[in-house]
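Reviewing the structure listed below.
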Protein chains: 2
Amino acid sequence: MNKQSVFIAFLTSVVMVAGYHAVSAQQQDRMVRLSEIEIEPAYLDEYKAILVEESAASVKLEPGVIAIFPMYQKETPTSVRILEIYASKTAYQQHLKTSHFQKYKTTTLKMVKSLKLVDMESIDAATMPVIFKKMNENER
Amino acid sequence: MNKQSVFIAFLTSVVMVAGYHAVSAQQQDRMVRLSEIEIEPAYLDEYKAILVEESAASVKLEPGVIAIFPMYQKETPTSVRILEIYASKTAYQQHLKTSHFQKYKTTTLKMVKSLKLVDMESIDAATMPVIFKKMNENER
């Protein structure tokens, strides 16, 4: 091995370590939340339509909104759970000010019996790209 | 427009409709679950390490495992929540028989205070590809 290859190998490892820390810092900024929302039965279909419109808009229009994944419990369809992932707390704060979120919030206020915003930490950030790549592949 | 273009346009729309139904059927087969797991505090770090190893292996090795996304509640770190998405109930049943899952199950049995497997339905299947594409982009 000559001096040049050693230097290149060293530079490569520096870049890799820097890249890892950059990704880690990015992951540390990230905000994960699981919202638990109970909906008035009479409003359920209307609520879901408004929610879907808002979450689709958020994900498409806001780079800082990484995921909004709404679900309901099979046994209790009025129990809605939303997995939300934001690039940072700042991105989340900006999301709250958007017109699509404001529209969602004001139009669904009367439909929501209770709301619990549960802040989460993801346990395995490293595997996320693999996990969600498969989501895409399965959609085709 | 000549007869050939009309025919091609017709064929294209048939393929698109068939594709949509194929995707819809695929989405209908899909199984979504939110697991709620309470962990004995003394075992928390050990449990998380075993869980991460198993979920990473499942996602990488099993095409039918679309996502296993483990999280814990910030305020109560012993409260673990796992979002699980399987291509079908069959894929889920096969997952239960794998050596990595069996290893996870047997080694963590003593660590789990309670386990609740909550079957879910996703509300907005159409936006999923967009949502999870951003997960990938944000990881780079």
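When you scan the stretch A:34-54, do you find a residue that is hydrophobic (A, V, I, L, M, F, W, C), outside any loop (DSSP other than H, G, I, E, B), closer than 19 Å to B:Phe69 by Cα and at pLDDT below 95, even just one?
Looking for residues that are hydrophobic (A, V, I, L, M, F, W, C), outside any loop (DSSP other than H, G, I, E, B), closer than 19 Å to B:Phe69 by Cα and at pLDDT below 95, one finds none in the stretch A:34-54, hence no.
So, in the stretch A:81-120, how many residues would count as being part of a helix (DSSP H, G or I) and open to solvent by 50 Å² or more (accessible area, probe 1.4 Å)?
12
I'd like the full set of residues that are more than 7 Å from chain A (Cβ to nearest Cβ) and either buried (at least 21 other Cβ atoms within 10 Å of the Cβ) or not acidic (Asp, Glu) (or both), limited to the stretch B:48-67.
Residues of the stretch B:48-67 more than 7 Å from chain A (Cβ to nearest Cβ): B:49-50, B:53-54, B:57-58, B:61-65.
Result: B:Ala49, B:Ile50, B:Glu54, B:Ala57, B:Ser58, B:Leu61, B:Pro63, B:Gly64, B:Val65.
Here is a list: B:Thr98, B:Thr106. Which entry is among the β-branched types (Val, Ile, Thr) and either under 25 Å from A:Ala67 (Cα atoms) or out of contact with any Ser or Thr (no Cβ under 9 Å at 6 or more places or on another chain) (or both)?
The unique qualifying residue is B:Thr106.
Only one of A:Thr90, A:Thr12 is more than 28 Å from B:Asp119 (Cβ to Cβ) and modelled with pLDDT of 90 or more. Can you tell me which?
Only one candidate qualifies: A:Thr90.
Which one is least open to solvent (accessible area, probe 1.4 Å), of the residues in the stretch B:68-80 that are farther than 21 Å from A:Phe69 by Cα and without any contact (Cβ under 8 Å) to a residue 24 or more places away in the chain?
Among those residues, the one meeting the criterion is B:Thr76.
Evaluate the following for A:Gln73: is it modelled with pLDDT of 95 or more and within 12 Å of another protein chain (Cβ to nearest Cβ)? Steps first, please.
Numbers: modelled with pLDDT of 95 or more: yes; within 12 Å of another protein chain (Cβ to nearest Cβ): yes.
For A:Gln73, the condition - modelled with pLDDT of 95 or more and within 12 Å of another protein chain (Cβ to nearest Cβ) - is met.
Only residues that are surrounded by 17 or more Cβ atoms within 10 Å (Cβ to Cβ) and more than 10 Å from chain B (Cβ to nearest Cβ): list them for the stretch A:32-47, please. Before the answer, list the steps.
Quick first cut of the stretch A:32-47, residues surrounded by 17 or more Cβ atoms within 10 Å (Cβ to Cβ) only: A:32-34, A:37, A:39, A:47.
Answer for the stretch A:32-47, where residues must be surrounded by 17 or more Cβ atoms within 10 Å (Cβ to Cβ) and more than 10 Å from chain B (Cβ to nearest Cβ): A:Ile37, A:Ile39.
The values are calculated or read from the model by the stated rules, or taken from the named source; none is laboratory data. Computed from a predicted structure; not experimentally measured. Quick reminder, even Gly has a Cβ in these numbers, built from the backbone with ideal geometry, and neighbours come from all protein chains shown. With ligands, DNA and RNA removed, areas are computed over all heavy atoms of the protein, side chains included. Shrake-Rupley method; radii C 1.70, N 1.55, O 1.52, S 1.80 Å.
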